[in-house]
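First the structure, in the form of structure tokens, and then the observations on it.
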Amino acid sequence: MTELSPLPGDPSELRLCISYTDDLADTPQDDTLERWDVSVLHEEKTVGSITFYRVHLDRGMNAVRVMEEESEELDEIAQALLDPITGSFTEDASSSLPYVGSSLLVMDKVTLDEPWRGHGLGAILVTEAIHRLMAGCRAIACSPGVTDLSSDRLRNQTEFDRVTTKIARGWELIGFRRYQGNVYLLSPASLELEEQRGAMRGRLADLGIVWRRIQGSRTSP
């Protein structure tokens, strides 16, 4: 087994900066689809990012059409969860979701700089971001996949599939479950999500302790 490289900084000092830019266009598309950008910061340097879309199913345009126009990834999720005629959740999706809101939150892309990968930080950061963005949403959806194809090893299909499977397992850890095809679904009312948030915070604290211990041993005479 390959030993993980030490983290480049204290993980307990990571911060999330969540932003939404409103261009005041006041169009049906903008009323339906909001893009929320999450920057992962360490000592004021950006070391990763997460992109979410909040989809309002009860205002603006038909959400299926808007998601189709935005990207293939959003279209895949819309086709699995939404009725193309009404733009609302399908009966099948509705039956598996408690009614706790009317919108759909889509986790679109998650990236971390190479030195920060491999320690489970993605799941920790995503859990925190979801908790801050899920208010008013009935479901959270994602389509696990590799977004950074810069590594030559990912050009090998076997390695690509292995990494993609590992990503999906990370999202399953916080409560996402495969719904249809490659679309995973999570209810904001999930007890597992709340329980995992505590576990993830404990994991982050442990990573920080290990990092500081390693730094201490390097500076000791």
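Once the C-beta distance of residue 59 and residue 91 is scaled by a Förster radius of 22 Å, the resulting FRET efficiency is 0.55 to the nearest 0.05. Surface calculation, 1.4 Å probe, protein heavy atoms: residue 162 sits at approximately 120 Å² accessible. Summary value for the chain: 19 percent relative contact order, contacts being C-alpha pairs under 8 angstrom separated by 6+ residues. For the peptides 25-34, 45-54, the ranking by packing is 45-54, 25-34, with the highest mean count of neighbouring Cβ atoms within 10 Å listed first.
Per-atom-type breakdown for the chain gives carbon and sulfur 50% of the accessible area (1.4 Å probe, protein chains only). Over the range 1-112, Cα pairs under 8 Å with separation of 6+ residues give a relative contact order of 25 percent. Among 210, 64, 126, the residue with the largest mean-square fluctuation in a Gaussian network model of the chain, with springs joining Cα atoms closer than 10 Å, is 210. Near residue 90: Cβ cut-off under 13 Å, other residues only, Lys/Arg at +1 and Asp/Glu at -1. The net charge is -2.
Each Lys and Arg contributes +1 and each Asp and Glu -1, all at the Cβ; summed about the Cα centre of the chain, the dipole is approximately 1120 debye. Taking Cα centre as origin and charging only the Cβ of basic (Lys, Arg, +1) and acidic (Asp, Glu, -1) residues, the dipole magnitude of the range 1-60 rounds to 160 debye.
What the Cα atoms of the chain give is an Rg and a Dmax of 18.7, 70 Å.
Pairwise alpha-carbon distances in the range 1-85 exceed 15 Å for 67% of all pairs. The residue list 167, 119, 103 was ranked by how far each Cα lies along the charge dipole of the chain toward its positive end, using unit charges on Cβ atoms, and 119 comes out on top.
The values are calculated or read from the model by the stated rules, or taken from the named source; none is laboratory data. No experiment lies behind these values; they were computed from the predicted model shown. Note: ideal-geometry Cβ built from the backbone for every residue, glycine included; neighbour counts use all protein chains shown. In case anyone asks, the SASA skips ligands and DNA or RNA and just uses the protein heavy atoms, side chains included. Shrake-Rupley method; radii C 1.70, N 1.55, O 1.52, S 1.80 Å.
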